[in-house]
1. Can you give the percent of C-alpha pairs in the stretch 69-138 whose distance is more than 20 Å?
2. Would you please name the chymotrypsin sites (Phe, Trp or Tyr not before Pro) within the stretch 97-159 that are DSSP coil residues with at most 16 other C-beta atoms within 10 Å of their C-beta?
3. Run the simple label-point estimate for Ala135 and Thr148 please: 7 Å along Cα→C-beta, distance reported in nm.
4. Quick check for me: using +1 on Lys/Arg Cβ and -1 on Asp/Glu Cβ, what's the dipole size of the stretch 51-101 about its Cα centre, in debye to the nearest 20?
5. Measuring from a point 7 Å past the Cα of Lys3 along Cα-to-C-beta, which residues in the stretch 9-34 have an amide N at less than 13 Å?
6. Work out the length of the dipole vector of the chain about its Cα centre, built from +1 on the beta-carbon of each Lys and Arg and -1 on the beta-carbon of each Asp and Glu, and round it to the nearest 20 debye.
7. Excluding ligands, DNA and RNA, what is the solvent-accessible area per residue of the chain at a probe of 1.4 Å, expressed in Å²?
8. Lysine pairs, Cα distance under 20 Å, 8 or more residues apart or cross-chain: how many in the chain?
Amino acid sequence: LQKEQDHYAYSWVPASKGAFSYTIYATDFGNQTQTYTRSFLVQDTVPPEIMETSPSGLLNYNLIELKAITNENSTCKYDSTDVSYDSMYFDLSGSGLIHTKLRNFGDGTTTLYIKCKDLENNIGATQKINFTIDAAPPTIYDISPTGTVSQEQITLRLYTSESASCKWDTTNQPYDQLANSFPITGTTLHEQALNLQQGINTYYISCKDQV
């Protein structure tokens, strides 16, 4: 202990949280010693921090694993609105550093809010997750021309329900094996100039979206 004016003091930083005991020994010039023992509790007042979340961006599947990684052992919850931790409806599994939930989501954009609480009941800041699911293939519609035409040179035109890349062939093949790509494609409008033969002309078309 160091003497500081009218008292003695000693300072240190406990290596961990929890209960600590200390004993002070005071010895006078007559070599008489008296002891004084007390204890104190070190509590964690720092909330947990979410270091990483997933998923994000554009996904082409509906079964999603939500994940949050924290910097200390915690429990985590999530909801579609940014409410208090206790008011959040859904739980993520895991009471360590990794917290997950496997769940199906429909096509479209999803926004979720995650909060985590450590073992000392400190609640951290909200972390937001955004992702968009497009698991449905594009729909082809308004193909023209169809039926009977009177000219040999035509423009094959079609539309898709979403931005896509389209290919065509005179034989029925999977998309990757179709021989020809539409020169105008990549959005919802797709066009190809063709020279028809007398008689029946059959073309097979397949389109793939951006996911």
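1. The share of Cα pairs beyond 20 Å in the stretch 69-138 comes to 32 percent.
2. Details: sites: Phe105, Tyr113, Phe131, Tyr141, Tyr159; in loops: Phe105.
Loop-located and lightly packed - none at all.
3. 4.7 nm
4. Working: 3 positive and 7 negative charges, 31 e Å.
So the dipole magnitude of the stretch 51-101 works out to roughly 140 debye.
5. Correct set: 9, 27-29.
6. Here the chain has a charge dipole of around 200 debye.
7. Numbers: 13990 Å² over 211 residues.
In whole numbers, the chain has 66 Å² accessible per residue.
8. Taking the chain as the scope, the lysine pair count is 16.
The values are calculated or read from the model by the stated rules, or taken from the named source; none is laboratory data. All figures in this text were calculated on a predicted structure; none of them were measured in a lab. Counting neighbours? That spans all protein chains shown, and the Cβs are built from the backbone with ideal geometry, glycine included. Calculation scope for accessible area: heavy atoms of the full protein, side chains included, ligands and nucleic acids excluded. Shrake-Rupley method; radii C 1.70, N 1.55, O 1.52, S 1.80 Å.
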